[in-house]
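Accompanying notes for the structure given below.
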Amino acid sequence: MFSSERLKGIDVFVCVAETGSFKAAAEKMNLTGSAISKSIARLESRLGTRLFQRTTRRLALTDAGTAFYSTCIGVLADLEEAELSLQVENIEPRGRIRIDLPGAFGRAQVLPTLLRFMQDHPLLIPHVTFSDGLIDPFQEGVDVVVRIGGADVWPERVEHRYLASEWHTFCASPAYLAKHGTPLTDQDLEHHQCIAYGWVDGNITPWSFAGAHPGAIKRQPVPAQLVIGNGEGLLMAVMAGCGIAQLPSWLINQQLEEGTLVEVLPHLATEGMPIHLAWVKSRQALPKVSTLLEVLTDSLTPAGGILGGLRRT
């Protein structure tokens, strides 16, 4: 059970850490130096560790103090934002906000929207990271997450929203097709140079092919001549004429429109993994989170316009 004792002394500790001395903190907080010193002593006693290294010349945070300070400023910022969200309706989004995006998809499809969002809300202090693995936003301290796949693995305290699904398309460069011909069936791929996605453990992602019945999908390995563990790297290899790859529509739409890539086997293209937004339920009421969720929902669905060629179920 949460104890209110855990909050005692945090504001004093943060003020001392930021001002660099008990005297400066006392002046800023309108307290006596003795009160500041006793508050820090009680906090260190409760935590069972030294937070400051004291000498006659300076006052510095210990390693434990530095780690505790990082946590405390986050707690105080959250409390301040919670109070503001209750005091003012439709308050302007403000403060720190952490956003984690998938690598290639995040850079190509989400980051442009985020940059516009940041310009529209100058009081925000965004922290954007890129990672492809599944994470727990609560454990990682992340406000908003965009993920491809993983719809059934979110913990109970995390809310998520389906946006759309990828569309997996076979493609090659015009130069490659002029030299090697165009495959007409999946069996023809045995005579072509295939570029596949590979993992660090050596596994290679099989390709998906539309089945004989609507909605049916068959997955089978391909005879890959080149394996690359990155979507943007796969795109570079296909553009260079190294072979045929199966790539998500959002990654290659521009190249298909420009004619620098050509779709092959269009009748075998398939719907891919779902794309989701995720966030910690308890933080949704904060204006910075709710506003960003609305913006990303509008922009990351086909109706938003930036995911042309991506089909929604």
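Protein heavy-atom surface of region 2-84, 1.4 angstrom probe: 53% of the accessible area is carbon and sulfur, with nucleic acids and ligands not counted.
What range in the chain is the longest one free of GluC sites (Glu not before Pro) that are in a loop by DSSP and have at most 16 other Cβ atoms within 10 angstrom?
Segment 157-313 is the longest.
Shape class for region 165-270, computed from the alpha carbon gyration tensor (a ≥ b ≥ c): rounded, with a/c under 1.5.
What region 2-84 shows is 63 Å² of accessible area per residue, with the surface traced by a 1.4 Å probe over protein heavy atoms. Building the convex hull from the alpha-carbon atoms of region 2-84 and averaging its projection over directions returns 5.8 nm².
About its Cα centre, region 14-80 has a charge dipole of approximately 420 debye under the convention of +1 per Lys or Arg Cβ and -1 per Asp or Glu Cβ, with nothing else charged.
According to the calculation over all Cα-Cα pairs in the chain, the P(r) per 20 Å bin from zero is 26, 42, 23, 9, 0 %. Phi-derived couplings, Karplus 6.51 cos²θ - 1.76 cosθ + 1.60 at θ = phi - 60°, listed residue by residue for region 280-285: 6, 3, 5, 9, 5, 6 Hz, with x used for Gly and Pro.
By a 1.4 Å probe calculation restricted to protein chains, W154 has an accessible surface near 30 Å², given to the nearest 10.
Entry comment: accessible area of region 179-313 is 51 Å² per residue, from protein heavy atoms only and a probe of 1.4 Å.
The values are calculated or read from the model by the stated rules, or taken from the named source; none is laboratory data. None of these values were measured; they are calculated from a predicted model. Ideal geometry is used to build each Cβ from the backbone, glycine not excepted, and the neighbour counts take in all protein chains shown. Each accessible area value is taken on the protein alone, full model and side chains, heavy atoms only, with ligands, DNA and RNA left out. Shrake-Rupley method; radii C 1.70, N 1.55, O 1.52, S 1.80 Å.
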